[in-house]
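Where a number appears in this text, it was derived from the coordinates with a stated rule and is not lab data. These figures come from a predicted structure and were not determined experimentally. Cβ: placed from backbone, ideal geometry, glycine included. Neighbour counts: every protein chain shown.
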Amino acid sequence: MIWDTHAHLDNEDFQSDREKVIERAKANGVTNIINVGFSEATSQKAVTLATKYPFIYATVGIHPHDAKDTSAKTWDFLLRLAQNPKVVAWGEIGLDYYRDLSPRDIQRQVFIQQIELANEVGLPIVIHNRDAHGDILSLIKKHPPEAGGVFHSYSGSWEMAKELLKMGFYLSFSGPLTYKNARHSVEVALQVPEDRFLVETDCPYLTPEPYRGKRNEPAFVREVVSKIAELKGLTFEKVAELSSRNAQALFRVK
Ligand code: NI
């Protein structure tokens with residue numbers, strides 16, 4: 001059993017062979033996939049995909065890149081989508097100070113607003129954080145997500161990880177953990193408690209070794225599981241089981 005907790009299968013990169021990619025995931029032991037929305041359109045597509053496949057779940061939310069284009073209509077639309085029983089989280093939401101595609105004050109405002117919406121509908125949140133460690137920490141302290149959340153593709157320090165773990169968050173690992181220059185994430189994966197980590201692909205992005213340079217897909221999440229097993233001195237099966245159990249706990253699915 002393996003849960004790929006963060007995929008973008010609705011992406012046009014999968015347009016020509018989506019069915020095959022999904023079959024390949026199953027053939028490689030990936031039992032469940034969470035397809036993550038990041039805009040109105042992708043949240044809708046995520047829900048449509050999750051409705052079609054029993055083992056695929058969806059999330060809804062607006063990425064910080066698009067924070068500047070939100071309005072009351074956006075929230076009505078997402079709240080309606082969130083009523084679907086296959087929607088297991090609100091996200092990906094957060095702050096991105098690397099690309100700064102929306103003004104930072106608006107990113108912060110829209111992040112807080114979406115934490116409040118997640119609390120209203122009782123969903124955990126999926127957090128995207130790029131170069132915004134300080135502000136993310138202070139905002140989640142002031143506006144805690146009541147059903148918890150996960151830092152997706154966690155790349156911060158162990159110092160910050162300790163604070164997030166204390167607050168009840170999960171940390172999710174992806175392809176970059178397998179790269180030769182991975183330092184922070186290796187240190188975090190070594191030390192993260194067995195009941196608080198998830199695995200993901202973020203496909204079609206962040207392709208793990210040895211497939212780096214190719215399109216990423218859910219079957220490749222095995223490489224992330226292997227790397228964690230190697231680091232923690234556990235078997236592949238054990239890491240698959242732990243991360244799946246953790247995903248079921250956070251997203252409250254059996
Ligand atoms: Ni993503």
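Points to keep in mind about this one:
- Extreme residue, surrounded by the most Cβ atoms within 10 Å (Cβ to Cβ), among residues of segment 229-249 that are closer than 16 Å to residue 165 by Cβ and hydrophobic (A, V, I, L, M, F, W, C): 242
- Checking each residue in segment 95-104 for being outside any helix (DSSP H, G or I) and not small (Gly, Ala, Ser) picks out 95, 96, 97, 98, 99, 100, 101, 103.
- Of the residues making up segment 105-121, not a single one is outside any helix (DSSP H, G or I) and either at negative phi or not acidic (Asp, Glu) (or both).
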